[in-house]
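Notes to accompany the following structure.
Every number in this text was worked out from the coordinates using simple rules, so none of it is lab data. Keep in mind it's a predicted model, so treat the numbers as computed, not measured. Here the Cβ is made from the backbone with ideal geometry for all residues, glycine too, and neighbour counts use every protein chain on show.
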Amino acid sequence: MAYQVNKTIEEINEKIKKGQVVVVTAEEMIDIVEEYGPVEAAKRVDVVTTGTFAPMCSSGAFLNLGHSKPRMKMEDVYLNGVPCYGGLAAVDIYIGATSLPKDDPRNKVYPGQFKYGGGHVIEDLIAGKDVYLVAYGYGTDCYPLTKLETYININIINEAIMFNPRNAYQNYNCAVNLSDRLIYTYMGILKPKLGNATYCSAAQLSPLLNDPYFKTIGIGTRIFLGGGIGYVVWHGTQHTTDVPRGEKGVVKKPAGTIAVMGDMKKMTRRYVRGVSIVGYGVSLAVGIGIPVPILNEEMAWHTSVRDDEIWTQVVDYGYDYPNREGRVIAEVNYAQLKSGEIEIMGKKVPTYPLSSYYMAKEIAETLKRWISEGKFYLTKPVELIPSSGFMCKGLEIRR
């Protein structure tokens, strides 16, 4: 395709260096494209910033705790009572955001509800708090210690690397409950008989909805992650590409994802928060912002997508979601969802977000400021995230 506007990331970085770069948020880009059209907008704007802040269950952290004296091969490891994975090297562990403490009645509000888990440990570490470590090992000649109890914090351990296998979903379901009982889900509490609807996306500010075909996002893309700088390292787990699309190529159901990593020692708890979800468990709310370079008019067009152009599917979590491929009851757009009420099957249903648009906007504005002040440069991906040929498969149960 021949474009009227052609820029490179190197040229944009040179503008950042000289203080000449023009950066706007995805929210601001909507009006710019509407007023000037995509070609002129591409000439005027160099970078569009995006943002999202929401629970992202497929998150966690690699920690290198440092060696004790005598040394120890840590096998069973607990941080503030939360189990970690120790099947790595001697003092490398991984803590998952949804990991829960075992047999601790003090932590339970009632069955199925936990006030504290892996996501909260990660938040506490980023906040600089002391965390209680208990570790057990089987003992060897080179690692003789079999038990260790001590306190650690992020300043005394060697490394704390956030590594999230699946973040920043490209769109997501709107959840409802058609059953006659109250249900507890990762999408929040869903009242019976269409009593409410929940959704989780920053929509027009959401990173992957502003680059729906992954024209600029790939391995090595520098991003805002948890208040610090992180990187896209792979496509995320459950990455899906071949799905129905609407205006400006935007997907109509859960689709693309990214795997990300960054240094927790440079993050802030404002953008990384442990989450307790009633009746489901725990998670981690993560703040992510991705700069989209406006290389041509096509990218200007994509980054002007509006809430009323982004549609998602309404799925019954009372029966369909847990038991089979989610039957689409209806389609709604995010302008309707953000209005506080949608109409489904002839009934007006109140809507509630799990993501924070306020925080998403703050992240996009922060990233805009970093770039404008020359504190953040764009990176050219080593390889782009796949934009076709990926479908999320289900598990076949064999007996």
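When the alpha carbon gyration tensor of region 86-211 is reduced to an equivalent ellipsoid, the three semi-axes, largest first, read 37, 21, 13 Å. With r defined as the distance between the Cβ atoms of LYS393 and LYS115 and R0 fixed at 35 Å, what FRET efficiency is calculated, to the nearest 0.05? Step by step, r from the Cβ atoms, then E = 0.50. Centroid-to-centroid, using Cα positions, region 69-83 and region 270-334 are 36 Å apart.
Rounded to the nearest 20 debye, the dipole magnitude of region 253-399 is 700 debye, with +1 charges on Lys and Arg beta carbons, -1 on Asp and Glu beta carbons, and the Cα centre as origin.
With respect to the cross-link table entries LYS115/LYS393; LYS73/LYS380; LYS15/LYS253; LYS191/LYS265; LYS193/LYS338; LYS266/LYS368, which display a Cα-Cα separation exceeding 29 Å?
Numbers: LYS115/LYS393 32 Å; LYS73/LYS380 40 Å; LYS15/LYS253 37 Å; LYS191/LYS265 40 Å; LYS193/LYS338 21 Å; LYS266/LYS368 19 Å.
Flagged as over cut-off: LYS115/LYS393; LYS73/LYS380; LYS15/LYS253; LYS191/LYS265.
The distance linking region 193-231 with region 120-143 is 31 Å (Cα centroid to Cα centroid, whole angstrom).
Over the chain, what relative contact order in percent results from Cα pairs under 8 Å that are six or more residues apart? Let's see the in-between values first.
On the way: 1067 pairs, mean separation 98.7, N = 399.
25 percent.
Provide the three semi-axes, in whole Å and in decreasing order, of the ellipsoid equivalent to region 1-50 as defined by the square roots of 5 times the Cα gyration tensor eigenvalues.
On the way: eigenvalues 67, 45, 14 Å².
Semi-axes from the Cα gyration tensor: 18, 15, 8 Å.
How would THR240, THR257 line up from fewest to most surrounding beta-carbon atoms within 10 angstrom? Could the numbers behind the result be given before it?
Values: THR240 19, THR257 26.
Listed from fewest to most nearby Cβ atoms, that is THR240, THR257.
Dipole size of the chain about its Cα centre, with +1 on Lys/Arg Cβ and -1 on Asp/Glu Cβ: approximately 820 debye, rounded to the nearest 20. Got a sec? Charge dipole of the chain, +1 on Cβ for Lys and Arg, -1 for Asp and Glu; which of SER304, SER58, MET29 is way out at the positive end? After comparing all options, I get SER58.
Between TYR358 and ASN196, the modelled labels are 1.7 nm apart [label points 7 Å from Cα along Cα→Cβ]. Taking LEU295, LEU178, LEU205 as the candidate residues, the one with maximal mean-square fluctuation in a Gaussian network model of the chain, Cα springs under 10 Å, is LEU178. At a threshold of 8 angstrom on Cα-Cα distance, excluding pairs fewer than six apart, so keeping six or more, what relative contact order does region 322-399 reach in percent? 13 percent. The ranking of ARG398, ARG324 by Cβ neighbour count inside 10 Å, starting from the fewest, reads ARG398, ARG324.
Diffusion of region 246-305 by Stokes-Einstein, at 37 °C in a medium of 0.692 mPa s and with Rh set to the Kirkwood radius over alpha-carbon pairs, works out to 217 µm²/s.
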